[in-house]
Amino acid sequence: MSPWTLIADASLLVQLVMLILILASIISWFLIVQRSSLMSSAGNSLTRFEQSFWSKGTNLGQLYQTQTAETPGVEGIFHAGYHEFAHLSDQESEPDAVMEGVQRAMRVAISREEERLEKHLPFLATVGSVSPYIGLFGTVWGIMNSFIGLSQTEQATLAAVAPGIAEALIATAIGLFAAIPAVIAYNRFAARSEGLISRYYTFAEEFSTILHRRLHNRKGS
């Protein structure tokens, strides 16, 4: 008996359960690699931009020209805030109205970034929570069929029921194989996403303070 032989000899329903779990595992691993790359890129981009933003002699206008509205991450948040600031300042709006518009624009950009970071995480959570039960269903079904077949034999021995139970237990093993990485990845990515979003809000608050100070200096002069 080998695992491949047990899978090949399993009932059609148990094989279907195994196939579903294997597909879920493959998709999960694809998302794990993709989300890991995205989170690392977002974190590195945020660190680089903060170093450039806080470096001495940095011209915000020139920094704004290097960004576009479609730029993801903190660059897009900065672009949205500075664009709204420049637009409302040219209209000679009240300082409070200018800052309210700036903060609203950055909140929208942060919400868009939060949606990008948390995309596909619910799928990982679903795989992590449901896969063990799907595997358990296949196991119960396989064991039930084994005992039904055992009842139809004249001599009930362990050798007669062992293959059926073994092939059924493989479904549970595959379910755990799909669930454990998905749960670990979901918890890790959710924590990293929360940390990045917190840093985005911190940057937005600091950027708002700088723009508020600049606005009042311009008004005083």
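State all residues of the range 165-192 that are among the polar types (S, T, N, Q) and at pLDDT below 95; if no residue qualifies, say none.
Across the range 165-192, the qualifying residue is only 172.
How about the range 90-115: which of its residues are in contact with a Gly (Cβ under 9 Å, 6 or more places away or on another chain) and charged (D, E, K, R)?
112, 113
Looking at the range 56-65, is at least one residue assigned to a helix (DSSP H, G or I) and either under 28 Å from the mean Cα position of the chain (by Cα) or within 30 Å of residue 187 (Cβ to Cβ) (or both)?
The answer is no, given that none of the residues of the range 56-65 is assigned to a helix (DSSP H, G or I) and either under 28 Å from the mean Cα position of the chain (by Cα) or within 30 Å of residue 187 (Cβ to Cβ) (or both).
Scan the range 100-119 residue by residue and report those that are surrounded by fewer than 17 Cβ atoms within 10 Å (Cβ to Cβ), closer than 30 Å to residue 176 by Cα and in contact with a helix residue (DSSP H, G or I) (Cβ under 9 Å, 6 or more places away or on another chain).
Correct list: 114, 116, 118, 119.
Per-residue answers, yes or no, for (1) among the hydroxyl-bearing types (Ser, Thr, Tyr); (2) within 25 Å of residue 216 (Cβ to Cβ); (3) modelled with pLDDT under 90:
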| site | (1), (2), (3) |
| --- | --- |
| 32 | no, no, no |
| 51 | no, no, yes |
| 55 | yes, yes, yes |
| 65 | no, yes, yes |
| 77 | no, yes, no |
| 81 | no, yes, no |
| 92 | no, yes, yes |
| 101 | no, yes, no |
| 119 | no, no, no |
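The values are calculated or read from the model by the stated rules, or taken from the named source; none is laboratory data. Owing to the predicted nature of the structure, the values given are computational and were not obtained by experimental measurement. For neighbour counting, all protein chains shown are included, and Cβ atoms are generated from backbone atoms with ideal geometry for every residue, glycine included.
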